[in-house]
Amino acid sequence: GIVVAGLPCVLLVAGGLPGAWILLGLAAAIELADPLWMGPDVTSIGWWAIGAGAGVAAVGEVAELLSGSIGARTGGGTRRGMVGSVLGGLLGAVAATFLVPIPLVGTLIGILVGTFTGAWIGETTGAAAVGPKEALRPALAATVGRVVGTVVKVGVALIVWTLVSAAAVQTLLG
């Protein structure tokens, strides 16, 4: 069950959603429910695998955060541009999810367009505003950082899925 249910959770990460954490929540629910219908000493996955998966998922969250910061810093962005990129990514994800009716694709497009637009607006407004042309580099760098962070998180989600699935299969076989 967890092997099949886990793959869609990995795909959710590509759309900016917490798929690895949803997968771990499902694994914990299965682990808690097993003794209710299979006996007190029965386990499907093991708490060690769920804990290790949570550790790996936490590393993915930190990596995503750092990649966005590194991207913004590399592009010469300001704190205002970084905040704009985060808010723009969130707003873009929500808006495009409804405007582009292709599951996950609309969300991902919204995240990228929103990150770029939010960073650009952040850089071109406020006390230390730069011109529209000068704001392109930090906005693009923030967007690239977001892409790198998303790729890292998808890889992390695959590791979590593999870890939990292998534990479940090992328990099943033996």
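The values are calculated or read from the model by the stated rules, or taken from the named source; none is laboratory data. What you see is a predicted model; the values in this text were computed from it and never measured. Cβ: placed from backbone, ideal geometry, glycine included. Neighbour counts: every protein chain shown. Surface areas here come from the heavy atoms of the whole protein model, side chains and all, with no ligands, DNA or RNA. Shrake-Rupley method; radii C 1.70, N 1.55, O 1.52, S 1.80 Å.
For the stretch 80-113, which residues satisfy the criterion of being in a helix (DSSP H, G or I) and not aliphatic (A, V, I, L, M)? Spell out the reasoning first.
Filtering the stretch 80-113 down to residues in a helix (DSSP H, G or I) leaves 80-99, 105-113.
Matches in the stretch 80-113: 80, 81, 84, 85, 88, 89, 92, 97, 98, 106, 107, 110.
Restricting to the stretch 13-32, name every residue that is surrounded by 21 or more Cβ atoms within 10 Å (Cβ to Cβ) and among the hydrophobic types (A, V, I, L, M, F, W, C).
13, 20, 23, 24, 27
Could you check how many residues of the stretch 33-74 are open to solvent by 60 Å² or more (accessible area, probe 1.4 Å), more than 24 Å from residue 13 (Cβ to Cβ) and of a type in the set (A, V, I, L, M, F, W, C)?
3
Just give me the residues in the stretch 97-119 being within 18 Å of the chain's Cα centre (by Cα), open to solvent by less than 60 Å² (accessible area, probe 1.4 Å) and under 15 Å from residue 68 (Cα atoms), in sequence order.
111, 112, 114, 115
Inspect the stretch 32-40 for any residue being farther than 16 Å from residue 140 by Cα and assigned to a loop (DSSP other than H, G, I, E, B) and give the result as yes or no. Talk me through it step by step, then tell me what you get.
First, the residues of the stretch 32-40 that are farther than 16 Å from residue 140 by Cα: 32-40.
From the residues that got through so far, the ones that are assigned to a loop (DSSP other than H, G, I, E, B) too are 39-40.
So far as the stretch 32-40 goes, yes, one or more of its residues are farther than 16 Å from residue 140 by Cα and assigned to a loop (DSSP other than H, G, I, E, B).
Can you tell which of 126, 155, 77, 122 is touching a helix residue (DSSP H, G or I) at 6+ places or on another chain (Cβ under 6 Å), outside any loop (DSSP other than H, G, I, E, B) and either closer than 29 Å to residue 6 by Cβ or open to solvent by less than 70 Å² (accessible area, probe 1.4 Å) (or both)?
On inspection, the qualifying residue turns out to be 122.
Just to check your reading of the model, which residue among 95, 119, 72 is among the aliphatic types (A, V, I, L, M) and free of Cβ contacts under 8 Å to residues at least 40 places away in the same chain?
95
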